[in-house]
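Okay, so here's the structure we're looking at.
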Amino acid sequence: MSEHTNTTPTDSEEPGVTVRTHTELADALPYLLGFQPDESLVLVAVHGSRGRFGGRVTVGIPTDPADWAVVADAVTDALVTGSTRRHGLPDGIVAFLCREPGPGENGTTVMEYLRPLAQHLRLAAGARDVPVVDALCLSDHRCWSYCCPDPACCPPEGSAQKPPGTSAVAAAAAYAGMTVRGSLRAMQRRLLPPDDGGDPRWGTALDTACCSLLPRLVDEREAAEVAEETLTTTADLITRLHRLPRVKDPKAADACDDRAIGTEEAAAVIVGLQDRETRDRAAEWMEGPLAPPALRLWRALARRCTGAYDEYAAAPLALAGWVAWSSGDRTEARVALALALRADPDYLFALLLHHACDEGLAAESIRRVLRRAGKDRGREAVEVAGTADPAAGGAGAAGTPDVPGRPGGGDGKGTSPSRRRTVPLPSALRRPGSRGGKAVVPRPFGAGDQGAGTVRPGGAGLPPLPVRQRGGRPGTGPGGPRAPYGAGPGRGPSGQLPLRSSRHGRRSSGGRGPKGRG
């Protein structure tokens, strides 16, 4: 078979890993993505005369072959468009078709089944003047090339892949400190409800919470109280999870977290997070000692959004993606944000975060905005408390610490006169055929006032963790310390291990054709 060499897009001498065979190329895939894809179509852009891996796109393989042509065109367009915007038009594309055999199937059966999809990809890429330099089917621990016609290097029964962790790519990745997170399905399982729907009490508790909280959430006078109750309960849950003993096994750790979270309190937080302002304040639990238990809480809440409440998972999933990204884990961030958009394709918070993460923006820029919002709320609460009438209940509030409270400091200031509060209804409460129904009421200026001079404590949502935060005085709230913990997005696989692949050196009937012909 032809040899795969490597270089950067600019043909620089940056050190990298050379992959020379189809099996080495297949072994490199988990380290490119950070996880082992399953039931997935992965496209990787190739740049430079010797083939440096660039952008990549991962989607699930449609179960209906009639959809393959449309999906192939869409994902190819997404890869070419994004890569062109960042690094210029790719010099080629490497495609990976990953699917495990089902009952009565073997790897060869899967390879032949997916062959039309590989052809759709080659046609879609050729239409954009970008050749598919290699298309590999990965199944049953073997790999096949749809582009190499030489049976000496690509036998009909496929080439056996090396055991995980034994390839040169794995050794280089271990040296660089990279790890593979397991399969994509295993990562998603931590964020999705159980296949059997989970505990029946979860749905009952969500029914009760909706009946109790939705009327209050759309009432401008009571929405602030629901927000404070939600944040206080969230703070208690984060503290509880923080104090649990550490469990290394992910499945056992998730089960331990589920047992520690009450059914009613979880349902109340899930419904409370449907309010945008409350969700934004919850996003300030994003760094330092607050981040790990917060991420575990958002995972656990997402797992409880079952049945008619599947769209309610968009809020905790988006928060899980944000905290993972803020902690430097872009792999889990992308998985969680993609699931949030699957739950609600129009969820703007997840859309913006997903786009920012894919564009390589630094999470620190968003953290600064959230910290500033928390400080502003605390400052406004202190200023209002300093001018409050003691007889009206404002006495003693001047010492409120600088911590995130209700947006606007709790007195309604900063709320736009045209602000409208929207709360999504669960699908069970909507008319048939409708989606994303909202209960909407206008929020006039000063909505939620408790009376003249009355101020809510800004730190109601702060978990009293048994640690002292760096970079500021104690009590800095969900925004965390003033100095960032783990600032920066963290280096992804492409930043630590520039894996590369060149195009096939020969052109034959089964290989790459002229540009524009797929």
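Odds and ends about this structure:
- Shape of segment 14-107, Cα gyration tensor, a/c cut at 1.5: oblate
- Between Thr81 and Glu39, full extension at 0.36 nm per residue minus the direct alpha carbon distance yields a gain of 12.7 nm.
- Accessible area of Arg276 in the full protein assembly, 1.4 Å probe (Å², nearest 10): 110
- Site pair His355 and Asp376 shows an inter-label distance of 2.1 nm when each label is modelled 7 Å from Cα along Cα→Cβ.
- Simple spin-label estimate for Glu105 and Arg221 gives 6.0 nm between the two label positions (7 Å along the Cα-to-Cβ direction from each Cα).
- Stretching Asp64 away from Leu244 to a fully extended chain increases their span by 60.3 nm, per 0.36 nm per residue minus the current alpha-carbon distance.
- Residues of type aspartates and glutamates that Lys248 reaches as a straight line, Cα spacing below 14 Å, ignoring anything fewer than 8 places off in the same chain: Asp257
- Overall form of segment 247-391: prolate. Here a/c, set by the Cα gyration tensor axes a ≥ b ≥ c, is 1.5 or more, and a/b is the larger of a/b and b/c.
- Length added when fully stretched, Arg185-Ala260, from 0.36 nm per residue minus Cα-Cα: 24.5 nm
The values are calculated or read from the model by the stated rules, or taken from the named source; none is laboratory data. Source: prediction; values computed, not measured. Glycine gets a Cβ as well: all are built from the backbone with ideal geometry, and neighbour counts include every protein chain shown. When the accessible area is computed, the model is the full protein with side chains, heavy atoms only, and any ligands, DNA or RNA have been set aside. Shrake-Rupley method; radii C 1.70, N 1.55, O 1.52, S 1.80 Å.
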